[in-house]
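Structure record follows, encoded as structure tokens.
The values are calculated or read from the model by the stated rules, or taken from the named source; none is laboratory data. Fair warning: this is a prediction, and the values are worked out from it, not measured in the lab. Neighbour counts run over all protein chains shown; Cβ positions are idealised from the backbone, glycine included. Remember, those area values only see protein heavy atoms, side chains included, never the ligands or the DNA or RNA. Shrake-Rupley method; radii C 1.70, N 1.55, O 1.52, S 1.80 Å.
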Amino acid sequence: QVQLVESGGGLVQPGGSLRLSCAASGFSFSMSTMSWYRQAPGKERELVARISSGGSITNYADSVKGRFTISRDNAKNTLYLQMNSLKHEDTGVYYCYRTQGAYWGQGTQVTVSS
């Protein structure tokens, strides 16, 4: 079955960096458009970044442009999100998402706080 397992979240100070990973299995990862979403407390889930199956096309939310980078390693069936210059408002649960079939991971908590 389809599995998406996020890791790499944690507590970081403002201005710091984190790298999230999403290990995928049970489907053809290299053929799948993948995304990162996040949900802050009391807010709706929002798209953070999306990457095409081959990795050549990426899209970002305006709020993270220039600070976050989405990437993938199709040989390792893994999706990444490099997050730099983190802000308080980046706090939330980050989810890995496969567009085809609408599959979600369980999420990983990111907390930006001093």
Sole residue being in contact with a Ser or Thr (Cβ under 6 Å, 6 or more places away or on another chain), free of Cβ contacts under 8 Å to residues at least 60 places away in the same chain and not aromatic (Phe, Trp, Tyr), chosen from 67, 72: 67
In the stretch 64-114, the residues that are open to solvent by less than 60 Å² (accessible area, probe 1.4 Å), within 16 Å of residue 40 (Cβ to Cβ) and in a strand (DSSP E or B): 68, 81, 83, 92, 93, 94, 95, 108, 110, 111, 112
Residues within the stretch 22-51 that are more than 19 Å from residue 2 (Cβ to Cβ), open to solvent by less than 50 Å² (accessible area, probe 1.4 Å) and in a loop (DSSP other than H, G, I, E, B), tallied: 1
Contacts under 8 angstrom Cβ, first residue in the stretch 39-59 being closer than 16 Å to residue 80 by Cβ, partner aliphatic (A, V, I, L, M) and in a loop (DSSP other than H, G, I, E, B), 6 or more apart: 48/61; 48/64; 49/61; 49/64; 51/57
Number of the condition not met by residue 61 [criteria: (1) open to solvent by 30 Å² or more (accessible area, probe 1.4 Å); (2) at pLDDT 95 or above]: (1)
Answer from 95, 103 - the residue that is under 13 Å from the mean Cα position of the chain (by Cα) and of a type in the set (Phe, Trp, Tyr): 95
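Considering only the stretch 1-15, state which residues are among the aliphatic types (A, V, I, L, M), open to solvent by less than 60 Å² (accessible area, probe 1.4 Å) and outside any loop (DSSP other than H, G, I, E, B).
4, 12
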The listed residue being over 10 Å from the mean Cα position of the chain (by Cα), among the charged types (D, E, K, R) and within 17 Å of residue 104 (Cα to Cα), out of 45, 50: 45
